[in-house]
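Read through the structure below, which is laid out as structure tokens, and then see the notes.
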Amino acid sequence: SAKFSAFHDAVIPELFDQGQLELVWLSLGGRPLAVAYDLVWNDNVYYYQGGRDPHAPGRLRPGIVLHALSIRDAIAAGRREYHFLAGMARYKLELATAVRPLVRLRARRVSLAQAGRTLIEQLAREGRALLRQRLRPAAA
């Protein structure tokens, strides 16, 4: 989508300048066979997206080779982990040493209606707590 592309167009240069973006590729005879777009955060590498030449011979697995070289480079750079992110693709299962559940988080601007609901819920909780406190029998 246009929003998705605009987000990446805005974020990529900043991440690259801060050393938090790695663009890696594997070439053979000057021709790219596989590419990867990795994010680096807190000494971890997160494989975000990649691709391979669809015309490469079927017996070649340039994506696997690129991942293996990227993992080697991450180890050499002292990175703690190399993450494949979501999905159960065969190559992830072949190369990963563990599978962890992912947590999905959605962040969005709070609308006026949502802010109003949150305020009403908070006032109701405080009102109930105050009412319970007043209705408790006094300790003798």
Using 0.36 nm per residue, how much length does the chain from Leu23 to Gln133 gain when fully extended, once their Cα-Cα distance is taken away?
33.6 nm
Subtracting the Cα-Cα distance of Ala107 and Asn44 from 0.36 nm times their residue separation yields 20.4 nm
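Could you tell me how many cubic angstrom of Cα convex hull volume the stretch 16-62 has per residue?
Each residue corresponds to 84 Å³ of Cα convex hull volume.
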Mean accessible surface per residue for the chain, computed with a 1.4 Å probe while every protein chain stays in place, in Å²:
81 Å²
Most mobile listed residue (Gly78, Gly30, Gly127) in the chain, GNM with C-alpha springs under 10 Å:
Gly127
Counting only protein heavy atoms and using a 1.4 Å probe, what share of the accessible area of the chain belongs to carbon plus sulfur, as a whole percent?
60 percent
How large, in Å, is the stretch 1-122 by the Kirkwood hydrodynamic radius built from its alpha-carbon pairs?
17.2 Å
Listed residues Ala34, Ala113, Ala74, most fluctuating in the chain (Gaussian network, C-alpha, under 10 Å)
Ala113
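Apply 1/(1 + (r/R0)^6) to the Cβ-Cβ distance of Ala6 and Met88, taking R0 = 30 Å, and write down the FRET efficiency to the nearest 0.05.
Efficiency, rounded to the nearest 0.05: 0.50.
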Run lengths n ≥ 4 of DSSP H only: what is the helix-derived mean residue ellipticity at 222 nm for the chain, with -39500 (n - 2.57) per run over all residues, to the nearest 500?
-14500 deg cm²/dmol
Stretch Phe16-Ala56 to full length: gain in nm at 0.36 nm per residue minus the Cα-Cα span?
11.5 nm
Please state, as a whole number in µm²/s, the translational diffusion coefficient that the Stokes-Einstein equation yields for the stretch 54-140 at 25 °C and 0.890 mPa s, with Rh defined as the Kirkwood radius across alpha carbon pairs.
128 µm²/s
Which one, Leu85, Leu105, Leu119, has the greatest fluctuation when you compute a Gaussian network model over the chain with C-alpha springs under 10 angstrom?
Leu119
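The values are calculated or read from the model by the stated rules, or taken from the named source; none is laboratory data. Every value quoted in this text rests on a predicted model; they were computed, and no experiment measured them. Positions of Cβ are generated from backbone atoms using ideal geometry, with glycine treated the same way; all protein chains shown enter the neighbour counts. Just the protein is used for accessible areas: all its heavy atoms, side chains included, with ligands, DNA and RNA removed. Shrake-Rupley method; radii C 1.70, N 1.55, O 1.52, S 1.80 Å.
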